[in-house]
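One structure is given below, encoded as structure tokens.
None of the figures in this text is laboratory data; all of them are computed from the coordinates on show. Being a predicted model, the structure only gives us computed values, none of them experimental. Methodologically, a virtual Cβ is constructed for each residue, glycine included, from the backbone with ideal geometry; neighbour enumeration extends over all protein chains shown.
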Amino acid sequence: MQHDTEKTHKRPKWVKSGEEELCPECFKAVGDKNRYKLICLLGKAKGGLNVSALTKQLKLTQPTVTHHLNILREVNAVDHETRGREHIYRLNRSAHCFEDCQIPYN
Ligand SMILES: [Zn+2]
């Protein structure tokens, strides 16, 4: 998949390192602080996390977490898997955001 790699957005201050300028796609992923926290949580959880675990850790409502997860899915930053009734989310470590724009997660 071809990406528009023109870097036009300043890296947000809550993202501590990485490229100074981000492409629009990466900015969409981390331009919101809660979405960046979501990326960090998923980055630590090797086996993935479900929505209720993410909701608890972020202290946000479930619809808010789902909304942010959908945006992360749009830019391919997370993978999604259904296990029975559970929806498990995992960080897509080979996503453009993490490889090209060097967005860290810790
Ligand atoms: Zn990018």
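Can you list the residues, at least 5 places off or on another chain, whose amide H is less than 5 Å from the amide H of Asn50, using H built in the peptide plane?
The answer is Tyr89.
Pick from His87, His68, His96: which is most flexible by mean-square fluctuation in a GNM of the chain where alpha carbon atoms under 10 Å apart are linked?
Among His87, His68, His96, the largest GNM mean-square fluctuation belongs to His87.
For Lys33, list the lysines whose Cα falls under 19 Å from its own Cα; do not include residues on the same chain fewer than 8 positions away.
By straight Cα distance, Lys33 reaches Lys10, Lys13, Lys16, Lys44, Lys56, Lys59.
Give the shape of the range 26-99 as rounded, prolate or oblate, defined through the alpha-carbon gyration tensor: a ≥ b ≥ c are the square roots of its eigenvalues, a/c under 1.5 means rounded, and otherwise the shape is prolate if a/b is larger than b/c and oblate if not.
Oblate is the answer for the range 26-99, as a/c is 1.5 or above yet b/c matches or exceeds a/b.
Hey, can you grab everything whose amide H is under 5 Å from the amide H of Trp14? Only 5+ residues off in sequence or another chain; H modelled, so Pro and N-termini drop out.
So Trp14 has HN proximity to no qualifying residue.
Residue by residue, what Karplus-based ³J(HN,Hα) values in Hz, rounded to whole numbers, does the range 13-24 have, using 6.51, -1.76 and 1.60 with θ = phi - 60° and x for Gly and Pro?
For the range 13-24, the Karplus curve yields 5, 7, 8, 6, 8, x, 5, 5, 10, 10, 6, x Hz.
In whole Hz, with x marking every Gly and Pro, tabulate ³J(HN,Hα) for the range 88-99 from phi via Karplus 6.51 cos²θ - 1.76 cosθ + 1.60, θ = phi - 60°.
After applying 6.51 cos²θ - 1.76 cosθ + 1.60, I find 9, 10, 9, 6, 8, 5, 9, 4, 3, 3, 8, 8 Hz.
Extension gain Lys46-Glu21, at 0.36 nm per residue separation less the Cα-Cα distance, in nm?
Additional length available on full extension: 6.2 nm.
Please go through the range 2-52 and write out the GluC sites (Glu not before Pro) that DSSP classes as loop and that have at most 10 other C-beta atoms within 10 Å.
Here the sparse-neighbourhood loop sites are Glu6, Glu20.
For the range 1-85, run through the trypsin sites (Lys or Arg not before Pro) and keep only the ones in DSSP coil with at most 16 other Cβ atoms within 10 Å of their Cβ.
Those that pass, being in a loop and sparsely packed, are Lys13, Lys16, Lys46, Lys59, Arg85.
I'd like the Karplus ³J(HN,Hα) series for the range 49-63: coefficients 6.51, -1.76, 1.60, θ = phi - 60°, whole numbers in Hz, and an x wherever there's a Gly or Pro.
Running phi through 6.51 cos²θ - 1.76 cosθ + 1.60 with θ = phi - 60° gives 9, 8, 4, 6, 5, 5, 4, 5, 6, 8, 6, 10, 7, 4, x Hz.
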